[in-house]
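Shown next, in structure tokens, is the structure this report addresses.
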Amino acid sequence: MSPEEFVKSFYLEKQNILHSSFNNEMEYRSMTSIKIEELNLDEIQTEKLKEIVSSLLTDTFYTILLGLDGSASIGNIQESFKIYDEKNNLISTDGDLEGYAYEYFHGE
């Protein structure tokens, strides 16, 4: 897996979480989906909430990726991490994720 594929996987996970949070027709619904439905929001309110949740997820995933990359802190600690796949192949080192993270999460 390349650094770009790693970041893209995080982006796709963000999109999946967002979708499942607002999908009331899935057989196995998320707790978030159930809680949002219980709010009985109209269509405009639901869209506004979806934008807020999307922004929150973007900020969260982006910050985690930058934290792993050494470009932001996780908690109060800022250091870079080397990321390996299960076959012990190096996916990323210091600075490999930041550009792709920006592209996927803020270049929309």
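What follows draws every value from the coordinates through simple rules; no lab data is involved. In this text, all values refer to a predicted model and were calculated from it rather than measured experimentally. Positions of Cβ are generated from backbone atoms using ideal geometry, with glycine treated the same way; all protein chains shown enter the neighbour counts.
Would you mention how many residues in the stretch 51-98 are aliphatic (A, V, I, L, M) and within 19 Å of GLU5 (Cβ to Cβ)?
Going through the stretch 51-98 one residue at a time, the tally reaches 8.
For the stretch 1-20, which residues satisfy the criterion of being surrounded by 15 or more Cβ atoms within 10 Å (Cβ to Cβ) and within 24 Å of LEU90 (Cα to Cα)?
Residues satisfying the conditions are MET1, PRO3, GLU4, PHE6, VAL7, LYS8, PHE10, TYR11, LYS14.
State all residues of the stretch 21-45 that are in a helix (DSSP H, G or I), surrounded by fewer than 15 Cβ atoms within 10 Å (Cβ to Cβ) and either in contact with a helix residue (DSSP H, G or I) (Cβ under 7 Å, 6 or more places away or on another chain) or among the charged types (D, E, K, R) (or both); if no residue qualifies, say none. Before you say what the answer is, go through the steps one by one.
To start, the set of residues in the stretch 21-45 that are in a helix (DSSP H, G or I) comprises 21-22, 31-38, 43-45.
Restricting the remaining residues to those that are surrounded by fewer than 15 Cβ atoms within 10 Å (Cβ to Cβ) gives 31-32, 34-35, 37-38, 43-45.
If the condition is that a residue be in a helix (DSSP H, G or I), surrounded by fewer than 15 Cβ atoms within 10 Å (Cβ to Cβ) and either in contact with a helix residue (DSSP H, G or I) (Cβ under 7 Å, 6 or more places away or on another chain) or among the charged types (D, E, K, R) (or both), then THR32, LYS35, GLU37, GLU38, GLU43 are the ones that fit.
I'm trying to understand the selection: among the residues of the stretch 56-79, which are in contact with a helix residue (DSSP H, G or I) (Cβ under 6 Å, 6 or more places away or on another chain) and either small (Gly, Ala, Ser) or surrounded by fewer than 16 Cβ atoms within 10 Å (Cβ to Cβ) (or both)?
Selection gives SER71, ALA72, ILE74.
Restricting attention to the stretch 43-57, does a residue exist that is polar (S, T, N, Q) and more than 17 Å from LYS14 (Cα to Cα)?
First, pick out the residues of the stretch 43-57 that are polar (S, T, N, Q): 45-46, 54-55.
Then keep just the ones that are more than 17 Å from LYS14 (Cα to Cα); that gives 45-46.
The answer is yes; a qualifying residue exists.
So, of the residues in the stretch 67-108 that are in a loop (DSSP other than H, G, I, E, B) and in contact (Cβ under 8 Å) with a residue 24 or more places away in the chain, which turns out to be farthest from LYS14 (Cα to Cα)? Step through it out loud before you land on a result.
We begin by selecting, within the stretch 67-108, every residue in a loop (DSSP other than H, G, I, E, B); these are 70-73, 75-76, 78-82, 85-89, 93-97, 107-108.
Narrowing the set further to residues that are in contact (Cβ under 8 Å) with a residue 24 or more places away in the chain leaves 70-71, 85, 89, 94-97.
On the way: GLY70: 21, SER71: 20, ASP85: 20, ASN89: 25, ASP94: 23, GLY95: 22, ASP96: 20, LEU97: 16 Å.
Filtering the stretch 67-108 for residues that are in a loop (DSSP other than H, G, I, E, B) and in contact (Cβ under 8 Å) with a residue 24 or more places away in the chain, the one farthest from LYS14 (Cα to Cα) comes out as ASN89.
When both residues are 6+ apart or on different chains and their Cβ atoms are under 6 Å apart, which pairs have a first residue that lies in the stretch 12-41 and is over 21 Å from TYR104 (Cα atoms), and a second that is among the basic types (Lys, Arg) and in a helix (DSSP H, G or I)?
PHE22/LYS50
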